[in-house]
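**Q** One structure, pasted below without further comment.
The values are calculated or read from the model by the stated rules, or taken from the named source; none is laboratory data. Because the structure is a prediction, the values reported are computed rather than measured. Note: ideal-geometry Cβ built from the backbone for every residue, glycine included; neighbour counts use all protein chains shown. Surface accessibility is based on the protein's heavy atoms, side chains included, excluding ligands, DNA and RNA. Shrake-Rupley method; radii C 1.70, N 1.55, O 1.52, S 1.80 Å.
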Amino acid sequence: MGNEESTMVDDSTRPSVLEGRNMEAVVKYIKERDVKRIVVMVGAGISTSAGIPDFRSPDTGLYANLAFLDLEEPEDVFDIGFFRDNPKPFYALAHELYPGRYRPTVAHSFIKLLYDKGLLLKHFTQNIDCLERQAGLPGDMIVEAHGSFATQRCIECKTPYPDEEMQKKVQDGEVPHCTVPQCNGLVKPDIVFFGEALPPSFFESRDLPEQADLCIVMGTSLSVQPFASLPGFCRPGVPRVLINMQRVGGLGSRPDDVLILGDCDAGVRKFAKAMGWEEELEALWEETNPDPKAREAENEPVPSRDERLRQEVDRLAEDVERTLNMTDAYQQLVREKLGEPSESTAIKADSKEGEVSQEGLNHVFPHLARKSR
Ligand code: OAD
Ligand code: ZN
């Protein structure tokens, strides 16, 4: 990947298989070559329009907004070593991200549509939100490379933990412990943390990109290995379409790579339109709407995607704060500190929550920052 990354994109490079490096040429290729083995590879960017923040976007990404927890690196919230010492930040976040409260996006429905059309070979996701399943994609079509919230177990003796109990604990903002009395180990959803192996399903399906006749990569920075190497396994001459805010992972470096830069939902709508599937896609997406009446309020101004995401991140920060049981005195201290922007001393929260930097707090507690002004 490193080599591909450094290759300059030259859009004038003549494609070897496609007629042009654009969506229309991809659609022509699908129809004329009888394409039936599409691999899709996705990340958090396909869920942002549902209101779930991604990880690395500069302002709205989770990592930028987790700087306030006692984490040296925001990625620590998904670090198994850190979790053993302090599972609270993860459970504060789990409370927010737990499946069930978000609706699949048009991009999820587009993947379901590829499946319905018999064109999907496999869907590889890094997401833990289960929105692909919620969009109707069968479990055996999905490789959840970074696991999911669907199951959970004790990190010590590996005993599975009951789903309903888990749901309740997460809702109540509590840390679940092993049901085996003499163990009492920490329970963790079967999400792949940094430092943990990917699930067997990833390794079993790893050769599928090589068999694909088209690759679609959406909403991922392709910055976490080994997932990031998957698009590189597609054979030369197999078109790879990137639908993402920006160019990532060396996509664009091969002659038959097509870059559709921008919003995923807009990109898949464009794709569906070019395929003549426009109405089918919208109908399929409508099936995921839990409250069809909500859509009747079409005359009301709809907040932009960024506004909705910002609102969601603010709400998330407030809930995380609540879950971590900040004391009134501590909040007072935070407000005082936020009122002194020139001072950059870290605030000692308590021995368990560790040090909290002022900069991080401004980021995650915008409501406190506002109150302090
Ligand atoms: P990132 O946050 O790293 O990347 C998301 C990508 O999607 C970025 O390139 C965004 O610009 C883009 N994006 C965001 N919203 C978009 C939209 N509406 N339309 C188009 N593009 C959009 O998320 P991932 O690549 O999924 O792992 O991150 C990979 C892994 O890093 C995660 O699975 C997680 C994390 O640490 C673990 O926790 C193990
Ligand atoms: Zn146990």
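**Q** From largest to smallest, what semi-axes in whole angstrom does the stretch 74-230 give when each is the square root of 5 times an eigenvalue of its alpha carbon gyration tensor?
**A** On the way: eigenvalues 176, 59, 41 Å².
Equivalent ellipsoid semi-axes, largest first: 30, 17, 14 Å.
**Q** Full extension from D172 to E73: what is 0.36 nm times the residue separation minus their Cα-Cα distance, to one decimal in nm? Don't skip to the end; give the middle numbers.
**A** Details: separation 99, 0.36 × 99 = 35.64 nm, distance 2.64 nm.
So the chain would gain 33.0 nm between D172 and E73.
**Q** Determine the principal axes of the Cα atoms in the stretch 44-153, then give the extent along each, sorted from largest to smallest and rounded to whole angstroms.
**A** For the stretch 44-153, the Cα spread along each principal axis is 48, 32, 22 Å.
**Q** Ignoring any ligand, DNA or RNA, what whole percent of the accessible area of the stretch 40-118 comes from carbon and sulfur when the probe is 1.4 angstrom? It would help to have the intermediate numbers written out before the result.
**A** Working: 1130 of 2440 Å².
Here it works out to 46 percent.
**Q** Right, another one. Over the stretch 97-235, with the other protein chains present, what is the accessible area per residue in square angstrom, probe 1.4 angstrom?
**A** Each residue of the stretch 97-235 exposes 40 Å² on average to a 1.4 Å probe.
**Q** Given R₀ = 35 Å, what would the calculated FRET efficiency be for V180 paired with R101, taking r from the Cβ atoms and rounding to 0.05?
**A** On the way: r = 31 Å, r/R0 = 0.88.
Given R0 = 35 Å and the Cβ-Cβ separation, E is 0.70.
**Q** In nm, what is the difference between 0.36 nm times the number of residues separating A150 and F233 and their Cα-Cα distance?
**A** On the way: separation 83, 0.36 × 83 = 29.88 nm, distance 2.84 nm.
Taking 0.36 nm per residue and subtracting the Cα distance, the gain is 27.0 nm.
**Q** Plugging the Kirkwood radius over Cα pairs into Stokes-Einstein for the stretch 103-169, at a temperature of 25 °C and a viscosity of 0.890 mPa s, what D comes out in µm²/s? Provide the component values of the computation, followed by the final result.
**A** Details: Rh = 13.3 Å.
Using the Kirkwood radius from Cα pairs, D works out to 185 µm²/s.
**Q** Determine the alpha carbon to alpha carbon distance for each of K158/K188; K122/K158; K112/K188; K112/K270 and list only those over 19 Å.
**A** Pairs exceeding 19 Å: K122/K158; K112/K188.
**Q** Of the listed peptides 271-279, 175-183, what is their order by residue-averaged count of other C-beta atoms within 10 Å, with the highest listed first?
**A** On the way: 271-279: 16.8, 175-183: 14.2.
Order by mean packing, descending: 271-279, 175-183.
**Q** Sorting check: for 46-57, 163-174, 252-263, which peptide has the highest mean count of neighbouring beta carbons within 10 Å, and how do the rest follow?
**A** Values: 46-57: 22.3, 163-174: 14.2, 252-263: 19.5.
Per-residue Cβ counts within 10 Å, averaged per peptide and sorted highest first, yield 46-57, 252-263, 163-174.
**Q** Which value results when the Cα radius of gyration for the stretch 70-134 is divided by 2.2 N^0.38 Å? Please list the in-between numbers first.
**A** Values: Rg = 16.1 Å, N = 65, 2.2 N^0.38 = 10.7 Å.
Normalised Rg, Cα atoms only: 1.49.
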